[in-house]
Amino acid sequence: FALDSIVMDEDQAFSIASMEYLMSRGIIADIDNDIEDLSFVLYSTTEQLHIEWDGNPSSNPVLFADENYNGAGTLILCVNDGEYEVCAENTVTITPVNDAPMFVSDLEAVVGLGLEFHVDLQVGDIDSETLVVSLVDGPIWLSLTDDTLRGTPTELGMFPVELSLTDGELTVIDTFDFHVENFTPQIIEIADVPNDQGGRV
């Protein structure tokens, strides 16, 4: 018997035809035995390729690879009738797929009213080292330079900031939340000590 080569995308599972189907199409043939008399072994000689299969001739084995792996691999199918064993080799090609870039750092920060801050953004992409971060929308006191958010808040509150991250092909939009609090101590009340003729408050 002979098997067709398999081409699959990175990070995708591939359902392989069942042994029952392969025999019905004449890809696997045994003039002396029925499928119930045969045993099947399916395995990969490539470390990054894996197979999920219960060994039932009527079920479909599922082929999958390690996360973000792409390249060539080999799949082996052996059929045994109790006396003879025949094996066939199958080539597996896993084509690369561009993964979306991502923000690695936390997308929130607490900053002080009237206090200058610098918050570094950490980004990553398994496929590309050329990433561009842009400020899409935010308060007037905020700016972005060299993947660092900078500013001096002029008002209290929570401010969602829309950021864009692109690898030149795929773009991700995410939100960075700034919580502006008052870190400067303030006198909010003065109480007089009674009956001390104005000596203490």
request  = Name the single residue, out of those in the stretch 42-61 being of a type outside the set (Gly, Ala, Ser), under 20 Å from residue 24 (Cβ atoms) and surrounded by fewer than 14 Cβ atoms within 10 Å (Cβ to Cβ), that is farthest from the chain's Cα centre (by Cα).
outcome  = 56
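Residue by residue through the stretch 126-145, note down the ones that are part of a loop (DSSP other than H, G, I, E, B), β-branched (Val, Ile, Thr) and either closer than 19 Å to residue 106 by Cα or under 24 Å from the mean Cα position of the chain (by Cα) (or both).
Of the stretch 126-145, the ones part of a loop (DSSP other than H, G, I, E, B) are 126-131, 138-141.
Next, only the ones that are β-branched (Val, Ile, Thr) stay: 126, 130, 140.
Passing the criteria: 126, 130.
Just need a number here: residues in the stretch 167-178 that are among the hydroxyl-bearing types (Ser, Thr, Tyr) and at pLDDT 95 or above.
1
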inquiry  = Return the residues of the stretch 39-97 that are of a type in the set (Ser, Thr, Tyr) and in a loop (DSSP other than H, G, I, E, B); say none if nothing qualifies.
reply    = 45, 46, 58, 59, 69, 84
message = One residue is enough: does the stretch 63-70 have a residue meeting the conditions of a type in the set (Ser, Thr, Tyr) and either touching a strand residue (DSSP E or B) at 6+ places or on another chain (Cβ under 6 Å) or without any contact (Cβ under 8 Å) to a residue 40 or more places away in the chain (or both)?
response = no
key: Subset of the stretch 113-125 (residues that are open to solvent by less than 70 Å² (accessible area, probe 1.4 Å) and either part of a loop (DSSP other than H, G, I, E, B) or of a type in the set (A, V, I, L, M, F, W, C) (or both))   = 113, 114, 117, 119, 121, 123, 125
ask   = Quick one: in the stretch 4-41, which of the residues that are open to solvent by 50 Å² or more (accessible area, probe 1.4 Å) and hydroxyl-bearing (Ser, Thr, Tyr) is nearest to residue 94 (Cα to Cα)?
value = 5
request  = Return yes or no: is residue 95 open to solvent by less than 60 Å² (accessible area, probe 1.4 Å), on the phi < 0 side of the Ramachandran plot and without any contact (Cβ under 8 Å) to a residue 40 or more places away in the chain?
outcome  = no
note = Exactly one of 138, 151 is at pLDDT 95 or above, over 30 Å from residue 10 (Cβ atoms) and among the small types (Gly, Ala, Ser), and that one is 151
ask   = Out of curiosity, is residue 110 of a type outside the set (D, E, K, R), open to solvent by 40 Å² or more (accessible area, probe 1.4 Å) and touching a Gly at 6+ places or on another chain (Cβ under 7 Å)?
value = no
request  = Would you confirm whether any residue within the stretch 3-10 is in contact (Cβ under 8 Å) with a residue 24 or more places away in the chain, in a strand (DSSP E or B) and in contact with a helix residue (DSSP H, G or I) (Cβ under 9 Å, 6 or more places away or on another chain)?
outcome  = no
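The values are calculated or read from the model by the stated rules, or taken from the named source; none is laboratory data. All of these numbers come straight from a predicted model, not from anything done at the bench. All Cβ positions, glycine included, derive from the backbone under ideal geometry; neighbour counts span all protein chains shown. Side chains included, ligands, DNA and RNA excluded: accessible areas come from the protein's heavy atoms. Shrake-Rupley method; radii C 1.70, N 1.55, O 1.52, S 1.80 Å.
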